[in-house]
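Let me begin by presenting the structure, written as structure tokens, before commenting on it.
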Number of protein chains: 2
Amino acid sequence: MTVPGEADASTLVRWIESRRHAVEAALERYVPAPGMAPAERRAPPIVAEAMRYSLLAGGKRLRPLLALGAAEAVAERLGHTPEHAMELALPAACALEFIHTYSLVHDDLPAMDNDTMRRGRPTAHVVFGEGIAILAGDALLTDAFSLLAREPALSADVAAEELSRRKLETVAIVAEAAGAAGMVGGQTLDLLAVRPDAAPLDGAALREMHMRKTGALIIASSLAGAVMGGATAEQMEAVGRYALQVGLAFQIVDDILDVEGVEAEIGKTPGKDAAAGKPTYPALFGLDTSKRMAADCLARAREALGSMNLADSHLMGIGQWIIERRN
Amino acid sequence: MTVPGEADASTLVRWIESRRHAVEAALERYVPAPGMAPAERRAPPIVAEAMRYSLLAGGKRLRPLLALGAAEAVAERLGHTPEHAMELALPAACALEFIHTYSLVHDDLPAMDNDTMRRGRPTAHVVFGEGIAILAGDALLTDAFSLLAREPALSADVAAEELSRRKLETVAIVAEAAGAAGMVGGQTLDLLAVRPDAAPLDGAALREMHMRKTGALIIASSLAGAVMGGATAEQMEAVGRYALQVGLAFQIVDDILDVEGVEAEIGKTPGKDAAAGKPTYPALFGLDTSKRMAADCLARAREALGSMNLADSHLMGIGQWIIERRN
């Protein structure tokens with residue numbers, strides 16, 4: 001692996017494509033299928049269908065890529081192969097996408113952001129009704145924890161007790177990031193911020209809202225991958241600092257794309273957030289400063305990984321890809 | 001411990017009161033408090049308040065009692081004290097109440113059962129609005145998994161690796177019971193059953209719906225307590241068979257109380273389920289047969305526990321209390 005640059009952009013693209021492919025195949029395996037044997041232990045078809053509709057709708061698969069990138073980066077430094085890291089971290093990578101998808105399904109509900117389109121398709125509650133959309137979200141969240149606790153059941157290279165320790169630590173990291181103090185807390189702050197009587201958010205409040213709403217799960221994805229890959233405490237610390245910066249950059253770029261983006265590419269109406277009165281980085285700091293802020297985040301992310309000799313990895317490439325993305 | 005009978009009813013009542021007291025105190029510790037330090041890692045006050053409103057509203061605490069009863073029963077047979085079992089199983093007992101509460105909050109939503117009263121008080125969405133109610137439910141569910149993964153952090157009597165194994169197994173059992181194939185699946189079947197165009201449920205379909213909607217979590221509560229108490233595979237099997245019968249009896253009795261109950265005692269309008277066109281056991285089988293079915297379940301539950309010499313326990317007393325309850 002090398003530092004992504006002119007010559008290595010295609011290496012990164014190939015890596016992302018290959019890992020995305022593995023994630024898509026694994027998501028398909030892990031999500032309930034309506035056509036499966038109608039045994040008592042299966043999900044009812046309509047909720048399985050709603051889960052699949054939202055989960056298998058494409059998307060960047062950013063959180064799984066971060067998990068796999070982190071697992072591979074730390075495993076390589078510890079002398080293991082990418083295959084070893086994949087085997088250990090792929091279920092957690094998928095569980096994180098389950099949780100991300102649940103958060104989108106619930107955020108889109110009429111009582112929340114009331115969005116009717118997502119990734120160029122009608123949202124789950126439009127297609128399946130509100131009740132089933134709430135339940136499909138609940139199921140994705142809950143089943144994510146089944147996946148984290150159960151898979152992989154065994155590993156050829158890691159002792160059973162060590163594997164249990166890693167899985168339990170992953171459950172703790174992910175649950176904390178997704179819960180009341182993390183992602184749910186962030187969505188709460190977002191909901192309060194757009195109320196007609198709400199005071200406008202300043203820069204610090206905007207940052208806090210986003211750090212919870214999207215940053216917490218981005219950090220948890222990276223840390224979950226690192227834990228499953230067998231990270232040392234020092235590697236965990238470096239990956240956590242990297243992911244904090246990537247989480248910040250992700251949101252800043254999201255806001256920039258809301259101003260500059262093309263509808264066909266971002267899959268939603270540009271300017272929608274600003275029109276809805278949602279505070280954005282460009283609105284608060286201007287477009288140029290926002291772009292510089294994102295670049296600064298990336299530099300700090302590289303510094304964090306460099307401290308543990310992890311900057312020369314696809315994990316760093318993902319960070320770069322995030323701030324250069326067009327959608 | 002003795003078989004509950006004339007002389008021992010008060011022993012059981014004292015046990016239930018003492019364990020409920022411990023559960024209430026622990027729930028209060030584990031749920032976020034709005035008044036706590038406003039650090040970045042705390043839940044926003046409004047979501048904390050909504051979580052507390054629903055979680056600390058009283059209730060029978062049946063699931064925590066089953067968890068603690070199972071932990072104590074198996075621990076005693078393995079030569080441990082009730083205190084040992086409590087220390088190990090109390091966090092899981094509380095996590096199960098978090099999950100039960102989340103399911104009530106979401107089930108009460110306008111898009112689901114549209115209930116405005118619960119336990120004699122307005123439901124969460126009436127008090128806090130739909131958006132915050134959805135988020136409070138999401139937070140209770142997610143934070144339950146934090147609790148299962150993190151607590152107890154240590155035990156004086158159980159090695160760290162064994163404790164991790166038990167906690168991870170508990171996460172897996174609870175997540176599977178609460179997810180798409182379990183509780184969420186049951187609520188889905190319930191939602192479909194009351195649609196105007198739905199075919200009426202027959203006895204088998206009614207049983208399947210309830211086994212998922214309430215039975216799965218009742219079984220998981222008993223098994224979670226047993227795992228945390230250090231159960232052997234044979235004890236797990238016996239506790240699982242016991243809990244299956246208790247889950248069935250619970251729902252049959254619930255339906256009977258909907259016919260016979262007094263509003264002040266059951267905290268909701270009697271006859272509401274029947275009026276809403278929800279299938280019930282008395283409607284399908286008549287009141288007398290329904291009562292006999294509940295008694296048969298209890299007999300089978302006793303037989304299951306008896307097979308592992310566990311019938312002489314408060315766990316069995318809880319089963320009896322469930323079918324004799326008036327609310």
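Read the figures in this text as sums done on the coordinates, not as results from a lab. In this text the structure is predicted, and so the values were computed from the model without any measurement. Cβ atoms come from the backbone with ideal geometry, glycine included; neighbour counts cover every protein chain shown.
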**Message:** Largest first, please: the extent of the C-alpha atoms of the range B:90-201 along each principal axis, to the nearest Å.
**Reply:** 55, 33, 22
**Request:** Assuming R0 = 51 Å, can you tell me the calculated FRET efficiency for the pair B:A204 and A:V126, based on Cβ-Cβ distance, to the nearest 0.05?
**Result:** 0.95
**Request:** Work out, in µm²/s and without decimals, the Stokes-Einstein translational diffusion coefficient of the protein assembly as shown at 25 °C, 0.890 mPa s, Rh from Kirkwood over C-alpha pairs.
**Result:** 96
**Prompt:** Among B:F128, A:F98, A:F285, which comes first, second and so on when ranked by fewest other beta-carbon atoms within 10 Å?
**Reply:** A:F285, B:F128, A:F98
**Message:** What distance in nm lies between label points placed 7 Å from Cα along the C-beta direction at A:K60 and A:L287?
**Reply:** 2.0
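Which order do B:I318, A:I256, B:I134 fall in if you start with the one that has the fewest other Cβ atoms within 10 Å?
With the fewest neighbours first, B:I318, A:I256, B:I134 line up as A:I256, B:I318, B:I134.
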**Asked** Tell me, how many Å apart are the Cα centres for the range A:50-84 and for the range B:66-90?
**Response** 40
**Prompt:** Using the Cα gyration tensor of chain B, with a ≥ b ≥ c the square roots of its eigenvalues, what is the shape: rounded (a/c below 1.5), prolate (a/b larger than b/c) or oblate (neither)?
**Reply:** oblate
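Take the Cβ-Cβ distance between A:A33 and B:T232 as r, set R0 to 30 Å, and report the resulting FRET efficiency rounded to the nearest 0.05.
Given R0 = 30 Å and the Cβ-Cβ separation, E is 0.30.
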**Complete:** Among B:K167/B:K213; A:K60/B:K213; B:K60/B:K167; B:K167/B:K291, the pairs whose Cα-Cα distance exceeds 27 Å are A:K60/B:K213; B:K167/B:K291
**Complete:** For A:V171, A:V259, A:V13, ascending order of other Cβ atoms within 10 Å (fewest first) is A:V13, A:V259, A:V171
**Message:** Going by Cα centres, the range B:103-132 and the range A:133-165 are how many Å apart?
**Reply:** 30
**Prompt:** Build a GNM of chain A with springs between Cα atoms under 10 Å: which of A:A156, A:A50, A:A283 gets the top mean-square fluctuation?
**Reply:** A:A156
**Asked** Taking only DSSP H segments of four or more residues, each worth -39500 (n - 2.57), what value at 222 nm results for the protein assembly as shown once the sum is divided by all its residues, to the nearest 500 deg cm²/dmol?
**Response** -22000 deg cm²/dmol
**Request:** Please report how far the C-alpha centroid of the range A:175-190 lies from that of the range A:197-259, rounded to the nearest whole angstrom.
**Result:** 12
**Request:** Between A:R326 and B:D296, take the C-beta separation as r, use R0 = 56 Å, and let me know the FRET efficiency to the nearest 0.05.
**Result:** 0.30
**Candidates A:R29, A:R302, A:R119, ranked by Gaussian network fluctuation over chain A, Cα under 10 Å, top entry** = A:R29
**Request:** For chain A, set up a Gaussian network in which alpha carbons nearer than 10 Å are linked by springs, and say which option among A:A199, A:A85, A:A75 fluctuates the most.
**Result:** A:A199
**Item:** Label spacing, shortest first and in nm, from B:R119 to its equivalents in the remaining copies (7 angstrom along Cα→Cβ)
**Value:** 3.7
